[in-house]
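Enquirer: This structure is in structure tokens; I'll ask about it shortly.
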Amino acid sequence: MKELPKIYEPQQVEDRIYQQWEQSGYFNPDKCVADGVTDKGAEHFSMVLPPPNVTGHLHAGHAVMLAIEDVLTRFHRMHGHRTLWIPGTDHAAIATQTKVEKLIQEREGKSKHDLGREAFLEEVHAFAKYSHDTIVHQTKKMGASLDWSREAYTLDEERSLAVRTAFKKMFDDGLIYRGERVVNWCPHCNSTLADDEVEHKKQHAKLYTFRYDKDFPFEISTTRPETKLGDTAVAVNPKDERFAAYVGKTIDADFCGTKLHLKIIADRGVEMDFGTGALGVTPAHSMVDWQMAKKNDLPMIKVIDEDANIREGFGEFSGKSAIEAREMIVECLKKNNLISKEEEIENNLSVCYRCGTAVEPLPSLQWFIDVNKKFSLENNKVAPEGTKEASLKELMTWAVEKNHTRIIPENFTKTYFHWIENLQDWCISRQIWFGHRIPVWYRGEDLYVGTATPEGEGWQQDEGTLDTWFSSGLWTFSTLGWPKKDAQDFLNFHPTSVLETGYDILFFWVARMILMTTYIIGDVPFKTVYLHGLVRDEKGRKMSKSLGNIIDPLDVISKYGTDAVRLALMLGTAPGQDTKLSEEKIENYRNFTNKLWNISRYIISSTEDAPKQTDEKNLTLADHWILNKTNSLIAEITADLNNFQISQAGEKLREFTWTEFADWYLEISKFEDNKAEKKWVLRNILENILRLSHPFMPFITEHIWKELGNKKLLMIEKWPEFKKSNKDFETEVAFMITTKAIVTEIRNGRIENNIDPKKKISVVIDIKNFAGTANINGILNSQASIIKNLRTGIEKLDIISSGEKIENAIQRTVAGINIFIPLEGLVDIEKEKAKAEKRIAELEKFIAGLESRLGNDAFVSKAPEQVITQQKESLAKSKAELAELQKHIASLK
């Protein structure tokens with residue numbers, strides 16, 4: 001008799017199993033086709049891995065992404081689809097350069113300038129290679145069935161060619177231009193940032209109310225007095241009558257020694273109730289003010305430089321940091337009695353998303369993508385039929401609006417459209433060394449844009465690099481061989497089927513891929529976007545070093561196994577919702593993997609001689625019930641995964657495996673007489689459970705599959721099919737459900753009445769009032785062994801038809817069938833009644849007090865909402881307990 005080890009030890013098998021998968025070559029769809037695993041004409045399923053940044057190692061957010069995407073990949077591969085999941089990493093320009101700069105400073109006390117560009121980039125590439133290897137190792141530990149033969153890197157030669165080709169196309173179409181605009185500037189990174197790379201951190205700041213000088217006719221309010229050195233206007237709301245007489249006039253002022261010429265303009269964006277209702281307009285250092293300046297033809301005065309210092313030409317403030325200058329200006333204003341008010345307010349500080357440094361809006365000569373300019377369309381599948389030209393914003397809108405791309409969950413669609421409506425020209429140049437060099441060369445007044453270095457002497461390439469989102473925006477098609485004309489992967493697998501990623505990069509990455517692909521390819525990059533939430537701790541807090549609540553995927557994998565970690569990350573959460581993760585949750589799912597192991601261990605050891613086929617007429621009610629449940633489960637899990645209801649599918653599998661199959665059918669199989677049929681059913685159900693569970697729990701299912709004697713890898717086995725039967729088993733299933741309900745009521749009756757588990761009981765089942773028309777007497781007699789043997793402790797079972805109540809007995813009812821458990825000899829009825837009556841009195845008093853408190857308007861209006869909620873919950877629980885006790889008392893009469 002074959003027997004599995006008593007304990008499943010994932011650490012002993014997972015690496016070996018992953019190696020077998022890799023060596024098989026079946027992560028590659030071409031290999032699957034060549035070996036006949038997948039038909040040549042099979043439906044295609046493709047997905048690109050959102051490339052992790054080569055800045056370190058994977059965290060829990062990456063782990064949930066890998067788990068979900070692997071579920072989808074394995075599901076489609078088992079469906080016989082030509083399935084491709086492409087791996088890759090992102091060079092993450094600013095993030096990686098910043099990390100390496102910090103490491104070199106800590107290690108050698110040197111800056112990148114001390115090393116020089118070439119030597120510094122060698123350090124960055126070495127760091128990126130080390131991080132890449134770490135990430136690949138961690139990705140494999142998660143069980144991800146990626147086609148490693150197609151691995152990509154956003155900075156490799158193929159992707160570099162794609163970037164240069166895309167840049168040239170956009171430049172030639174007039175969508176990329178070089179100009180001076182106000183940009184987000186990080187003084188620490190010494191580079192521009194895109195609008196959505198700027199984070200907003202709440203802070204306490206001082207709002208100063210003052211006059212520019214003693215002769216200025218009214219006050220203004222600001223939190224940044226140092227920028228007022230560059231004011232060229234004052235803006236008021238056109239409805240504000242306080243300033244109506246000044247609108248259109250230009251007033252000269254002497255602001256702390258700096259001569260200002262201030263035009264009073266009207267703008268609906270000015271809030272009348274903020275500060276004084278008048279705002280100084282600094283076109284060079286505010287995105288909003290720059291827009292006002294364009295509308296009103298205002299001059300732009302640059303005050304702050306790229307190091308966040310005051311520029312030359314501003315007297316004693318020049319050379320000072322912006323913070324120092326602020327303090328000096330406030331002191332100057334106070335000295336001249338120009339400040340009337342200082343107040344603490346809470347506002348948002350704009351900071352760099354990578355280093356946390358306060359961002360300075362300032363004018364800079366940069367490269368931009370024009371998102372509003374119209375361009376000619378040719379063979380564009382996204383634009384409405386007959387459309388001859390469009391802007392990038394319009395293409396992005398149509399992609400989702402016309403259902404070319406579907407976003408799950410749907411509520412993020414509104415967020416997506418809101419972002420597009422407010423989208424400004426995209427600044428794509430960065431002043432860093434690491435990344436794709438801008439493919440532009442200069443020679444005197446000449447400018448050359450191309451995919452290769454221009455011929456001739458004297459050409460100098462632009463020193464800047466491209467925003468990392470520019471290269472990752474091409475990811476779906478650059479990884480599939482574009483711009484090669486004969487790229488078969490591109491022809492076969494694009495648009496990709498799904499993009500699965502976190503909702504936090506919907507704008508960073510997802511929207512940019514739609515922008516780039518709808519323009520360059522004329523189609524969407526993916527048909528569906530599935531967004532998962534953030535991974536938080538068990539209290540719902542963000543994981544961080546400062547809180548000490550970070551869960552490292554590798555640490556918990558080594559402790560609990562990969563399958564348990566995957567389940568804990570995916571189950572119990574809806575699409576787009578944050579996931580709470582704790583070691584306790586992982587441990588609970590480890591218990592489930594152990595449960596599956598023990599189920600399999602029992603079945604493998606007891607069904608080696610199981611027949612290959614069985615005669616349906618020899619199957620019992622329980623056999624029909626479990627086979628029918630399994631068939632329905634196959635249909636439900638298939639539908640759930642096709643609809644991206646991953647958590648729901650996993651929960652159903654867990655419930656069926658643990659409860660319906662293990663707790664019910666497996667126990668029934670031990671005492672029903674049709675042993676040969678039982679062995680066939682047990683094997684059949686186990687194999688279907690393994691197939692259905694494989695996408696979620698690939699390691700343990702693959703291991704058990706082999707132990708069942710199968711030679712072929714479970715990874716490439718066919719997905720189970722829902723089988724339409726010629727016979728309707730609805731009646732059999734209904735009777736089994738009734739039998740289960742009877743058993744459950746008997747068990748509950750024992751527990752609720754404190755009957756010693758060791759004591760045997762008598763049970764009387766009265767079918768007189770049965771609601772159906774079937775021969776319930778015969779059916780229940782055929783099920784008598786189940787009712788007696790499934791942990792009910794029944795010594796004597798009588799099935800009668802009288803309709804009379806039995807005194808001193810627990811009574812339960814199922815579908816009109818009355819179940820009686822005579823209490824004689826089981827409990828001291830008087831003692832039990834006295835105990836129950838005492839508790840009833842306590843509950844009634846407690847409930848009356850709660851109802852009085854909650855009915856008191858004064859209490860309800862003053863008490864915190866949390867307290868009210870707790871009181872209501874306590875009231876509901878107490879009432880439920882009271883009802884059960886009253887029911888118990890009634891059964892003792």
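Enquirer: Looking at TRP469, TRP433, TRP441, which one is in contact with a helix residue (DSSP H, G or I) (Cβ under 7 Å, 6 or more places away or on another chain) and either farther than 22 Å from THR496 by Cα or of a type in the set (Asp, Glu) (or both)?
Expert: TRP433
Enquirer: Residue check: is THR496 open to solvent by 10 Å² or more (accessible area, probe 1.4 Å) and not aromatic (Phe, Trp, Tyr)?
Expert: No.
Enquirer: Considering only residues of region 630-660 that are without any contact (Cβ under 8 Å) to a residue 60 or more places away in the chain and touching a Leu at 6+ places or on another chain (Cβ under 8 Å), which is farthest from HIS76 (Cα to Cα)?
Expert: If we take residues in region 630-660 being without any contact (Cβ under 8 Å) to a residue 60 or more places away in the chain and touching a Leu at 6+ places or on another chain (Cβ under 8 Å), then PHE656 is farthest from HIS76 (Cα to Cα).
Enquirer: Working only within region 358-416, note down all residues that are assigned to a loop (DSSP other than H, G, I, E, B), touching a strand residue (DSSP E or B) at 6+ places or on another chain (Cβ under 9 Å), farther than 22 Å from MET170 by Cα and open to solvent by 30 Å² or more (accessible area, probe 1.4 Å).
Expert: HIS404
Enquirer: Can you find even one residue in region 247-254 that is open to solvent by less than 60 Å² (accessible area, probe 1.4 Å), touching a Phe, Trp or Tyr at 6+ places or on another chain (Cβ under 6 Å) and among the small types (Gly, Ala, Ser)?
Expert: Yes, region 247-254 contains a residue that is open to solvent by less than 60 Å² (accessible area, probe 1.4 Å), touching a Phe, Trp or Tyr at 6+ places or on another chain (Cβ under 6 Å) and among the small types (Gly, Ala, Ser).
Enquirer: Considering region 304-326 alone, what residues qualify as being open to solvent by 90 Å² or more (accessible area, probe 1.4 Å) and either out of contact with any helix residue (DSSP H, G or I) (no Cβ under 9 Å at 6 or more places or on another chain) or of a type in the set (S, T, N, Q) (or both)?
Expert: Result: ASP307, GLU312.
Enquirer: So which residues in region 86-120 are hydrophobic (A, V, I, L, M, F, W, C) and in contact (Cβ under 8 Å) with a residue 24 or more places away in the chain, if there are any at all?
Expert: ILE86, ALA92, ALA93, ILE94, ALA95, VAL100, LEU103, PHE120 - these are the residues of region 86-120 that are hydrophobic (A, V, I, L, M, F, W, C) and in contact (Cβ under 8 Å) with a residue 24 or more places away in the chain.
Enquirer: Can you name the residue in region 643-679 that is in contact with an Asp or Glu (Cβ under 9 Å, 6 or more places away or on another chain) and among the aromatic types (Phe, Trp, Tyr) and, of all such residues, is nearest to GLN577 (Cα to Cα)?
Expert: So, considering only residues that are in contact with an Asp or Glu (Cβ under 9 Å, 6 or more places away or on another chain) and among the aromatic types (Phe, Trp, Tyr), the one nearest to GLN577 (Cα to Cα) is PHE644.
Enquirer: Is it the case that region 718-725 has a residue that's open to solvent by 30 Å² or more (accessible area, probe 1.4 Å), within 26 Å of PRO822 (Cβ to Cβ), of a type outside the set (D, E, K, R) and touching a residue at least 12 places away in the same chain (Cβ under 8 Å)?
Expert: no
Enquirer: When you go through TYR602, TYR589 one by one, which is the residue that is modelled with pLDDT of 90 or more and under 22 Å from the mean Cα position of the chain (by Cα)?
Expert: TYR589
Enquirer: Considering only residues of region 607-626 that are part of a helix (DSSP H, G or I) and open to solvent by less than 40 Å² (accessible area, probe 1.4 Å), which is nearest to TRP680 (Cα to Cα)?
Expert: Result: ASP623.
Enquirer: I'd like the full set of residues that are under 27 Å from ALA834 (Cα atoms), open to solvent by 80 Å² or more (accessible area, probe 1.4 Å) and assigned to a helix (DSSP H, G or I), limited to region 855-893.
Expert: LYS877, LYS879, GLU884, GLN886, LYS887
Enquirer: Related question: Of the residues that sit in region 216-246 and are part of a loop (DSSP other than H, G, I, E, B) and among the small types (Gly, Ala, Ser), which one is surrounded by the fewest Cβ atoms within 10 Å (Cβ to Cβ)?
Expert: Of everything passing the filter in region 216-246, ALA245 is surrounded by the fewest Cβ atoms within 10 Å (Cβ to Cβ).
Enquirer: Would you please name the residue that is farthest from the chain's Cα centre (by Cα), looking only at residues in region 308-336 that are free of Cβ contacts under 8 Å to residues at least 60 places away in the same chain and in a loop (DSSP other than H, G, I, E, B)?
Expert: Applying the filter and picking the extreme gives GLY313.
Yes or no, residue by residue, for (1) without any contact (Cβ under 8 Å) to a residue 12 or more places away in the chain; (2) surrounded by 20 or more Cβ atoms within 10 Å (Cβ to Cβ); (3) within 15 Å of PRO87 (Cβ to Cβ):
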residue	(1), (2), (3)
VAL13	no, no, no
GLN19	yes, no, no
PHE27	no, yes, yes
LYS31	yes, no, no
HIS44	no, no, no
MET47	no, yes, yes
VAL54	no, yes, yes
LEU58	no, yes, yes
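Enquirer: All but one of (1) of a type in the set (A, V, I, L, M); (2) within 24 Å of the chain's Cα centre (by Cα); (3) assigned to a strand (DSSP E or B); (4) more than 23 Å from ILE86 (Cβ to Cβ) hold for LEU447, so report the exception by its number.
Expert: Among (1) of a type in the set (A, V, I, L, M); (2) within 24 Å of the chain's Cα centre (by Cα); (3) assigned to a strand (DSSP E or B); (4) more than 23 Å from ILE86 (Cβ to Cβ), the lone unmet condition for LEU447 is (2).
Enquirer: Given the condition surrounded by 12 or more Cβ atoms within 10 Å (Cβ to Cβ) and free of Cβ contacts under 8 Å to residues at least 40 places away in the same chain, answer yes or no: does some residue in region 728-738 qualify?
Expert: Within region 728-738 (the criterion being surrounded by 12 or more Cβ atoms within 10 Å (Cβ to Cβ) and free of Cβ contacts under 8 Å to residues at least 40 places away in the same chain), the answer is yes, since at least one residue qualifies.
Enquirer: Looking only at region 424-439, decide whether some residue is at pLDDT 95 or above, among the basic types (Lys, Arg) and under 21 Å from LYS168 (Cα atoms).
Expert: So far as region 424-439 goes, yes, one or more of its residues are at pLDDT 95 or above, among the basic types (Lys, Arg) and under 21 Å from LYS168 (Cα atoms).
Enquirer: Please return the ranges of helices (runs of 4 or more DSSP H) entirely within region 98-196 where 1 or more residues are touching a Pro at 6+ places or on another chain (Cβ under 9 Å).
Expert: Where helices (runs of 4 or more DSSP H) fall fully within region 98-196 and carry at least 1 residues being touching a Pro at 6+ places or on another chain (Cβ under 9 Å), they are 117-141, 157-172.
Enquirer: Considering ILE794, ILE810, ILE786, ILE776, which residue is touching a helix residue (DSSP H, G or I) at 6+ places or on another chain (Cβ under 6 Å), hydrophobic (A, V, I, L, M, F, W, C), modelled with pLDDT under 90 and open to solvent by less than 30 Å² (accessible area, probe 1.4 Å)?
Expert: Going through ILE794, ILE810, ILE786, ILE776 in turn, just one is touching a helix residue (DSSP H, G or I) at 6+ places or on another chain (Cβ under 6 Å), hydrophobic (A, V, I, L, M, F, W, C), modelled with pLDDT under 90 and open to solvent by less than 30 Å² (accessible area, probe 1.4 Å): ILE810.
Enquirer: As an exercise: evaluate LYS835 against (1) modelled with pLDDT of 80 or more; (2) of a type in the set (Lys, Arg); (3) open to solvent by 50 Å² or more (accessible area, probe 1.4 Å) and give the number of the one condition it does not meet.
Expert: Unmet condition: (1).
Enquirer: Being surrounded by 16 or more Cβ atoms within 10 Å (Cβ to Cβ) and of a type in the set (A, V, I, L, M) is the filter; apply it to region 426-455 and report the residue that is nearest to VAL124 (Cα to Cα).
Expert: Checking each candidate, the answer is ILE432.
Enquirer: Listed residues ASN372, ASN337; which is on the phi > 0 side of the Ramachandran plot and either hydrophobic (A, V, I, L, M, F, W, C) or out of contact with any His (no Cβ under 8 Å at 6 or more places or on another chain) (or both)?
Expert: The conditions single out ASN337.
Enquirer: Further question on the same structure: Consider region 91-104. How many of its residues are open to solvent by 10 Å² or more (accessible area, probe 1.4 Å) and at pLDDT 90 or above?
Expert: Final tally of qualifying residues: 1.
Enquirer: Sticking with this one: Report yes if some residue within region 534-551 is under 30 Å from ASN642 (Cβ atoms) and open to solvent by less than 10 Å² (accessible area, probe 1.4 Å); otherwise report no.
Expert: no
Enquirer: While we're here: Can you find a residue that is open to solvent by 30 Å² or more (accessible area, probe 1.4 Å), more than 24 Å from MET736 (Cα to Cα), polar (S, T, N, Q) and part of a helix (DSSP H, G or I) anywhere in region 672-687?
Expert: There is no residue in region 672-687 that is open to solvent by 30 Å² or more (accessible area, probe 1.4 Å), more than 24 Å from MET736 (Cα to Cα), polar (S, T, N, Q) and part of a helix (DSSP H, G or I).
Enquirer: Right, something else. Mind telling me which of the residues LEU84, LEU66 ends up being buried (at least 17 other Cβ atoms within 10 Å of the Cβ), of a type in the set (A, V, I, L, M), on the phi < 0 side of the Ramachandran plot and not in a strand (DSSP E or B)?
Expert: Going through LEU84, LEU66 in turn, the sole match is LEU66.
The values are calculated or read from the model by the stated rules, or taken from the named source; none is laboratory data. This one's a predicted model, so the numbers in the text were calculated from it and none came from an experiment. Ideal geometry is used to build each Cβ from the backbone, glycine not excepted, and the neighbour counts take in all protein chains shown. In case anyone asks, the SASA skips ligands and DNA or RNA and just uses the protein heavy atoms, side chains included. Shrake-Rupley method; radii C 1.70, N 1.55, O 1.52, S 1.80 Å.
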